[in-house]
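K.L.:
Sending over a structure as structure tokens; questions will come in a sec.
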Amino acid sequence: MAVSATLTDNEPRVVLSARGLSKNFGAFAAVKNVDLDVRHQRVHALIGPNGAGKTTVFNLLTKFLQPTAGSITLLGSDITKTPPDKVARMGLVRSFQISAVFPHLTVLDNVRVALQRPNSLSTQFWLPMSSLNRLNARADELIEAVGLKRERNALAADLSYGRKRVLEIATTLALDPKVLLLDEPMAGMGQEDIGTVSSIIRKVAKERAVLMVEHNLSVVADICHHVTVLQRGEILAEGDYAAVSRDERVRLAYMGTEEA
């Protein structure tokens, strides 16, 4: 495995943070007192065994769930009680484990649909379809940036699974996120698509923060600057990949021994 880059002393600013983040479902504590700092121009991985609470943390950060305790700050603003649609408009945008593209639209039209909101076209239903043509230039930029130029006019339904996930990243980028959350972006992908998406994430992180849940540790080692390891809803370890991978507690958690 490659070893991820280590942050320098001159670290970029924190754009998304959580303090004391907790979530209880009845008597079950799914997330317990999690502190998290996600920095601009960095790829931050959230990893851990199945059931560690990774997706719950994602849902809390993006406000699909309301925390039982703790606070969340985005770009200096407290968003702990902010609804998810407003949080998305503030620049916190996520993808999901299941591909969320429109299968019967072309690649171009999927990206144009995503571009309607930042271009104030999403509620102007009376405008003719030709009004969307003004979005073509930006749509083509995004399509080319993620390597889908050949498939520009193909139906999303005809793309391979991996290429659908690439298209989903393009539609997510169309919203111009300041912080991008990716939920298992490599799940179900072949090696070729993993390489493509890894390159895209590196490029994306040059202009924004990326927080990703990912099970592929080779990918985490290769592209992530900082890693937070969860176990049973709590932070087990954090640091760069080299430091985290040497932590005996992390090794035990992934080996599934009694101590995990």
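K.L.:
Considering only helices (runs of 4 or more DSSP H) fully contained in the range 156-236, which possess at least 2 residues that are aliphatic (A, V, I, L, M), in the same structural domain as ASP247 (by TED's automatic domain parsing) and touching a residue at least 24 places away in the same chain (Cβ under 8 Å)?
P.N.:
217-223
K.L.:
I need every pair where a residue in the range 58-77 that is touching a residue at least 40 places away in the same chain (Cβ under 8 Å) has its Cβ under 7 Å from the Cβ of a residue that is among the aliphatic types (A, V, I, L, M) and surrounded by fewer than 21 Cβ atoms within 10 Å (Cβ to Cβ), sequence separation at least 6 or different chains.
P.N.:
ILE72/ILE79; THR73/ILE79; LEU74/MET90; LEU75/MET90
K.L.:
Please work out if VAL43 is touching a Lys or Arg at 6+ places or on another chain (Cβ under 8 Å), among the hydrophobic types (A, V, I, L, M, F, W, C) and at pLDDT 90 or above.
P.N.:
Answer is yes for this residue.
K.L.:
Another question, then. Just the residues that are in a loop (DSSP other than H, G, I, E, B) and surrounded by 14 or more Cβ atoms within 10 Å (Cβ to Cβ), please, taken from the range 65-84.
P.N.:
Once the filter is applied, which keeps residues that are in a loop (DSSP other than H, G, I, E, B) and surrounded by 14 or more Cβ atoms within 10 Å (Cβ to Cβ), the range 65-84 yields LEU65, PRO67, THR68, LEU75, ILE79, THR80, THR82.
K.L.:
Right, ASP193: modelled with pLDDT under 90, touching a helix residue (DSSP H, G or I) at 6+ places or on another chain (Cβ under 7 Å) and surrounded by 14 or more Cβ atoms within 10 Å (Cβ to Cβ) or not?
P.N.:
For ASP193, the condition - modelled with pLDDT under 90, touching a helix residue (DSSP H, G or I) at 6+ places or on another chain (Cβ under 7 Å) and surrounded by 14 or more Cβ atoms within 10 Å (Cβ to Cβ) - is met.
K.L.:
For the range 167-187, does any single residue satisfy the condition of being farther than 27 Å from HIS215 by Cβ, among the β-branched types (Val, Ile, Thr) and surrounded by 21 or more Cβ atoms within 10 Å (Cβ to Cβ)?
P.N.:
no
The values are calculated or read from the model by the stated rules, or taken from the named source; none is laboratory data. Here the structure is a predicted model, which is why all the values come from computation and not from measurement. Glycine gets a Cβ as well: all are built from the backbone with ideal geometry, and neighbour counts include every protein chain shown.
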